[in-house]
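Participant: Please find one structure pasted underneath; my questions will follow.
The values are calculated or read from the model by the stated rules, or taken from the named source; none is laboratory data. All values reported here derive from a predicted model rather than from experimental measurement. So basically every Cβ, Gly included, is an ideal-geometry build from the backbone, and we count neighbours across all protein chains shown. Side chains are part of the model used for accessible areas, which takes the heavy atoms of the whole protein and leaves out ligands, DNA and RNA. Shrake-Rupley method; radii C 1.70, N 1.55, O 1.52, S 1.80 Å.
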Amino acid sequence: MCKKKGSKLVFDTAEEDEVIKNPFDDYIEANFPPLIAAAAKVPEKLRTLTGLYEDVVKAEGKILAMALVCQKPTTDELKKIYEPVGAVLNKLLKVIPFKSEPIYNEGKAIEEAAKTANWITVDRTPMDYIDQGWQV
């Protein structure tokens, strides 16, 4: 995940077996089990979407944990770092229900929430991107 270059820690996606304490795990443990338990009462497709959303959040949590201890990555490194998030997000997008399905609204809500995982970068705030969005 990170490796030392001189006196600095930098991202290195080749070292994924190195463990960094992830404070985001506490959030996942507190919030997803009740969501998964409630999903047992809904259609299978919605349970699948809920599980994939949890996977997106976990993948993003790993990136946030690296961001706590690593130097900001280059654009090329950032692409490699986000590959796991993108892979899970692509799986989730393939399961989104059609408009004719009764769980369409719930599926679209999960889709929109999952897409926000791409907003998070190593910068402390996405405000520059939000400001650009408002100006467009």
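Participant: Kindly evaluate Val136 against the criterion of being at pLDDT below 85, buried (at least 16 other Cβ atoms within 10 Å of the Cβ) and hydrophobic (A, V, I, L, M, F, W, C).
Facilitator: no
Participant: What are the pairs, 6+ residues apart or on separate chains, where a residue within segment 94-115 that is touching a residue at least 60 places away in the same chain (Cβ under 8 Å) has its Cβ under 9 Å from a residue that is of a type in the set (D, E, K, R)?
Facilitator: Going by the 9 Å Cβ cut-off, the qualifying pairs are Ile103/Lys45; Gly107/Lys45; Gly107/Glu101.
Participant: Among the candidates Val56, Val122, which residue alone is of a type outside the set (Ser, Thr, Tyr), under 14 Å from the mean Cα position of the chain (by Cα) and at pLDDT 80 or above?
Facilitator: After ruling out the rest, the residue left standing is Val56.
Participant: Something else: Scan Lys91, Lys115 and give me the residue that is of a type outside the set (Phe, Trp, Tyr), part of a helix (DSSP H, G or I) and at pLDDT 90 or above. Give the steps one after another, and end with the answer.
Facilitator: Details: Lys115 fails: at pLDDT 90 or above.
That would be Lys91, the only listed residue that is of a type outside the set (Phe, Trp, Tyr), part of a helix (DSSP H, G or I) and at pLDDT 90 or above.
Participant: Could you tell me how many of the residues in segment 36-77 are in contact (Cβ under 8 Å) with a residue 60 or more places away in the chain and either open to solvent by 30 Å² or more (accessible area, probe 1.4 Å) or not aliphatic (A, V, I, L, M) (or both)?
Facilitator: 12
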